[in-house]
Amino acid sequence: MNKRLTKIIFGFFLSSFAIFSLSCGRSTTIDSLPSENMSLPQPSQTPVLSSTTTIPTVTEISLTCISAPQESITEFQKIAKDWFQSPQMLILDRNQYKANTDWENFCQRYQDAILNEDSWVNYPIEIALNFSGYPNPDDFPPYTVTSIFKRGDSKIVTVVTLFTNLLDDSVRDVETRVDLIKENEIWQIQWSGYRLRCYRNNSEEWVITPCP
């Protein structure tokens, strides 16, 4: 299959629900599945289309960016949502983070990367890293990356990324939680939040309000 058809197929099957849009340091995974990291298997083989398959042109494909969480639609999404909101080892509850509400820039970049067949879109840890701002111009890596898969299901995962001692006047540390599912062979961000530690108050306390 030529590259153009592959790009079109990825765009065509991209879900129109929530696609919201930091493996350096130490990486930890619990549950029964192995940790994903930067040394991962190659993406699966591109599906073969029959000669009768109708392919719309690129101009006919609408890739919608949604900037707010959506209600669960499929049964799989409902199962994932229940797991994301249940107590988990090594993961703080969502209410310990400030929810991200501005997804537009990442959403567009992610969709372009899918159409361009960039390799990072195939791996949830790399998607979470990109969403959290890595790689960055300063080449400042995360301190830890923790991935937690739902037991028995490699398509539901939470990735927690910690950046410490940042080169910032006010924010010392930032931790980001990203919840992802894989549906229609595409990884999608269902929810993300962050919390901060500030320089100026000289405290170990995490906050979800802006640092002074």
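Taken together, the values in this text are just the output of simple stated rules run on the coordinates, not laboratory data. Treat the numbers as computed from the prediction; the structure is a model and nothing was measured. Because the Cβ atoms are built from the backbone with ideal geometry, glycine has one as well, and the counts that use them run over all protein chains shown.
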Q | Potential extension, Val171-Asp118 segment - 0.36 nm per residue separation minus Cα distance | A | 16.0 nm
(Q) Just want the ordering: Leu162, Leu115, Leu167, from fewest to most Cβ atoms lying within 10 Å of their own Cβ. (A) Leu167, Leu162, Leu115
Q. Ranking Ser86, Ser147 by Cβ neighbours within 10 Å, fewest first, what do you get?
A. Ser86, Ser147
Q) For region 104-187, which chymotrypsin sites (Phe, Trp or Tyr not before Pro) are both in a DSSP coil and crowded by at most 16 other Cβ atoms within 10 Å? A) Tyr143
Q: Filter the trypsin sites (Lys or Arg not before Pro) in region 131-169 down to the DSSP loop ones having no more than 15 other Cβ atoms within 10 Å, then list what survives.
A: Arg151
Q | Estimated dipole of region 110-164 in Debye, rounded to 20 [Cβ of Lys and Arg +1, of Asp and Glu -1, Cα centre] | A | 420 debye
